[in-house]
Structure formats: C-alpha cells, structure tokens
1. Just wondering, is there one or more residues in the stretch 144-163 that are touching a Lys or Arg at 6+ places or on another chain (Cβ under 9 Å), open to solvent by 10 Å² or more (accessible area, probe 1.4 Å), not in a helix (DSSP H, G or I) and not basic (Lys, Arg)?
2. Read through the list (1) closer than 30 Å to residue 335 by Cβ; (2) surrounded by fewer than 18 Cβ atoms within 10 Å (Cβ to Cβ); (3) touching a Leu at 6+ places or on another chain (Cβ under 7 Å); (4) not hydrophobic (A, V, I, L, M, F, W, C), then give the number of the only condition that residue 92 fails.
3. I'm trying to understand the selection: among the residues of the stretch 319-333, which are surrounded by 17 or more Cβ atoms within 10 Å (Cβ to Cβ) and at negative phi?
4. Would you tally the residues in the stretch 402-450 being open to solvent by less than 10 Å² (accessible area, probe 1.4 Å), in contact (Cβ under 8 Å) with a residue 60 or more places away in the chain and among the hydroxyl-bearing types (Ser, Thr, Tyr)?
5. Scanning for something surrounded by fewer than 17 Cβ atoms within 10 Å (Cβ to Cβ) and in contact with a Ser or Thr (Cβ under 8 Å, 6 or more places away or on another chain), does the stretch 356-364 turn up at least one residue?
6. Give, as residue ranges, the strands (runs of 3 or more DSSP E) completely inside the stretch 354-466 that count at least 1 residues that are modelled with pLDDT of 95 or more.
7. Quickly run through the stretch 164-186 and pick out the residues that are touching a strand residue (DSSP E or B) at 6+ places or on another chain (Cβ under 6 Å) and either in a helix (DSSP H, G or I) or of a type in the set (Phe, Trp, Tyr) (or both).
8. Report, by residue number, each residue of the stretch 258-284 that is under 10 Å from residue 190 (Cβ atoms) and open to solvent by 20 Å² or more (accessible area, probe 1.4 Å).
Amino acid sequence: MSVLVAGVDSSTQSCKIIIREASSGAVVRSGRASHPDGSEVDPAHWWSALREAIADAGGIDDVSAWSIAGQQHGLVALDADGEVVRDSLLWNDTRSAEAAADLTEEVGAASFAERTGLVPVASFTITKVRWVADNEPELARRIAAIALPHDWLTWRLRGYGPAGESDLGPDLTELITDRSDASGTGYFDATRGEYDRELLSLALRRDASDIVLPRVLAPAEWVTDQTGRRVAPGAGDNAGAALGMGAVTGDIGVSIGTSGTVFAISSAPVRDPSGTVAGFADAAGGYLPIVTTLNAARVLDAVSRLLGVDHAELSDLALAAEPGSAGLVLQPWFEGERTPNRPDATATLFGMTLASTTRENLARSAIEGVLCSLGEGLDAMRALGVDAKRVLLTGGAAQSPAVQQIASEVFGVPVVVPDPGEYVAQGASVQAAWALSGERPTWLPKTLAELPASETPARSGYRARL
C-alpha cells in the first residue's frame, strides 16, 4: 500500500484537505467545507469545518503524516483551561487600525522593522492584542496563551483542547507553529528565531513573560498526534502556497483572491521601515517579503455586477479596450486598504470623459487597478534589492485571459500561470512529506499559460492619477 500524507488549507472562506502519495505526490482524494463570512469568527467553526473536510475526504486514518497551513494574523486567545477567550479577530478586521498607529508611534517604525521585519498595520496580530487590551481589558486579563488559526487547529487535531472536549486536555505548552506564521504576528524576529516579548507586553499592556506562545519548529521538524502520526509545523497561507508551487529565489508569487498578495522568495531578510513590504519568513528556512492588499478579486466581482456580466464577459470587455483604458483609472480601495495603509479609504474612478467612459474601459480599468496596485508592491520589493525573474500568477482571478494578459503588461517580467490548484493545501502536504522523509519533495505543478513580459502605458497612467 502507498504511504499517504495530508495537507490542509484553513483559509478565510473554507477548509480544504488533499491527501497525496508520499512518493509521487499524486493526489489520492480531497475534501472541503465552508467557513462563515466575516472578520470576527468563533474558532469552533474552523474546528467543525476541519472535521467536516476530513470526513468529506474519506478520513485520515490511513495517513502517515499531516500538516495544516492557513490564514495568517488571526488572534486566537486562550485562557489557562484552553478555552477560547473571545471570537478570533481576523486579518481583514480593521478595527485595530488606531492600535497599529499607536504601537508604531510608541516604538518607532524603523525600530519595529528592525526588530520584527514589520511595521504595524491593522492586519497584524499584535495590533489585535492591543485592541483587546484597550477595549476588553477583562478578557485581556484572562489570556494565558496566544495562537494563530493554524496553530490552534494543529493543537486540536493532535488531540489537545479544553477539558471535556479533547482526549489529551489543555496542555498549552503543546502549541506549535512555524517561522512563516510567527513572522506575521509583529512580535517575532525571524532572523534570530525568537519572540520579542517586550513588544508583546507593550501591546498587552502587562507583563507577557508568562504568556504561552507556540513553539517555533524548523521546516523539517515534527511532533506527533495522539495516534503517533508525524505532524509538520504548518505554515502561513502564502508560505504554504510557495511550497506548493515549488517557488525558488527569483520567483514572485502573485495571488488574486479575497486579498491580493505579492511575495518573493529571498535568501536574505528584508527590512522596510516604510511598512510597505512586510519581511516575513518562508516555510523552507528562508524569507518571504510580501505586500498584501485588501482589494483584489472582489473588485472584479463588484464591477462585473455593475456591468451585468459574468467574469468571462468582463474579460472579453477588458481585452476590447486599449492599455491604459483611455485614461480611465480605478483606484480600487473599496474596503479600505492595507497597502498603502489607508483603512478608511474608499474607491475612486478617475479620468472620466465622454470618450473614456465605456463599458470596455471600465472593465479594463478594474483589472488594471487591481494589478497596478500589486505592481506598486513589486516595485517596492525591487527597491529593497529583491530579484524578480518571473511571476507565478495564482488565485481565482488568474484564470481570466484578460488578467493574464494585463499582468504581463503591468509587471514587466514573464508571467507563468500554473494549473488551478489548492496550492496552500498542496504546500502543507509537501511539508508533511518532508517531515516523513527528511527531504523536501519537488512536486511541481503543470503550467496553464506562459506570457512574455510586455510594457504598456497602463502603469504610467495609473501612477499619474494617484
């Protein structure tokens, strides 16, 4: 019988699991379950969805190793009994924007970047810790441990949890994580591999030396669950996707999903005191500088609804317009924005004339707006010395011919579109196989499309009107 491994992606919207042969990487079966909408979620919903997805995949009794990757930054606060103190504030919850500004002022942007690779914005865990300390002090006093979504799910699936709800009980010291997810908290230095408890204490407004934080495992390190199966440390979603795509130095991952991300594989840490580029770690022992935007595929959804078309028709309309959309520019900050850090911003349409205001130009300006916003992030990385040889374009919107073509025009490097796949879950399965064999597998996806770099006026028009 084949040796099997399982990889999980517990994302904002759903939980996916894939089960693969450990030798070939062939997918044997898969399952999924939905998560509730919102920016504040009871983690019990994730636990329920994980079990539902496992059942949908036919169970994991025959699996030899597993790993859970997932959404970053969400605050899972636990008390001494392992109970969740409050619903988790997710990465897309912007109520902690003022807390982020306060922390930056108290520590200094340059100091924060030097100590953690980050400058606080509302998305990061440390700002949510401060928000709870300021707005719910009675709950903050109960906090005995702080985990991230994938840390907590790994803990639960290993058999730990509140008394009466788990076999192994609430042993908080069994919480584990990895460098990639820890590096997105705002209180971890990926270069030294250590938590910065002084920063956490500042955020929590009390001494945090006794707060249990997940033990950070190395890429090939593992623990076991209650059945003896090997459990890899897991990963943040973007680091998991990089593993799943087999990304190497010089590759730029661009994902257009609920959020938009641009990340690079780097052998050296990146420090950006402006806060534009977050200096995360990857899941393979290196670094993953990243720029994240809040407004991505949902912008295309909104404009499709406005025009009364589906996504295929939106693509056709956009390709019928000229690059630059005849001067029409959509600044796509519909839900505030993380990069640049403008949580209260709204979207704006510039350059409207009788000639430019057409259905075709509006469709193209929506796609250009999303991609040019991400292109600004790539430029910020290049300015910090990050090498960009090609773009790996993923996410639901990456299947659009117009998105593919305009991406090749905006980014200025060749664009490769891998076959659609659950790359975060695939990356988690790579990590599980790595824990099992001691060697990182090289399971590369097939390619759906390749486009050469093509320079057009699209970016200059977008910049000129910002």
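1. no
2. (2)
3. Filtering the stretch 319-333 for residues surrounded by 17 or more Cβ atoms within 10 Å (Cβ to Cβ) gives 321, 323-333.
321, 323, 328, 329, 330, 331, 332, 333, listed by residue number.
4. Going through the stretch 402-450 one residue at a time, the tally reaches 1.
5. no
6. Working: elements: 390-394, 415-418, 447-451.
Per the criteria, 390-394, 415-418.
7. Result: 172, 179, 180, 181, 182.
8. Here is the first cut: in the stretch 258-284, the ones under 10 Å from residue 190 (Cβ atoms) are 269, 279-282.
Within the stretch 258-284, just 269 meets the criteria.
The values are calculated or read from the model by the stated rules, or taken from the named source; none is laboratory data. Computed from a prediction, not measured in an experiment: that's the story for all the values here. Backbone-built Cβ (ideal geometry, glycine too); neighbour counts: all protein chains shown. With ligands, DNA and RNA removed, areas are computed over all heavy atoms of the protein, side chains included. Shrake-Rupley method; radii C 1.70, N 1.55, O 1.52, S 1.80 Å.
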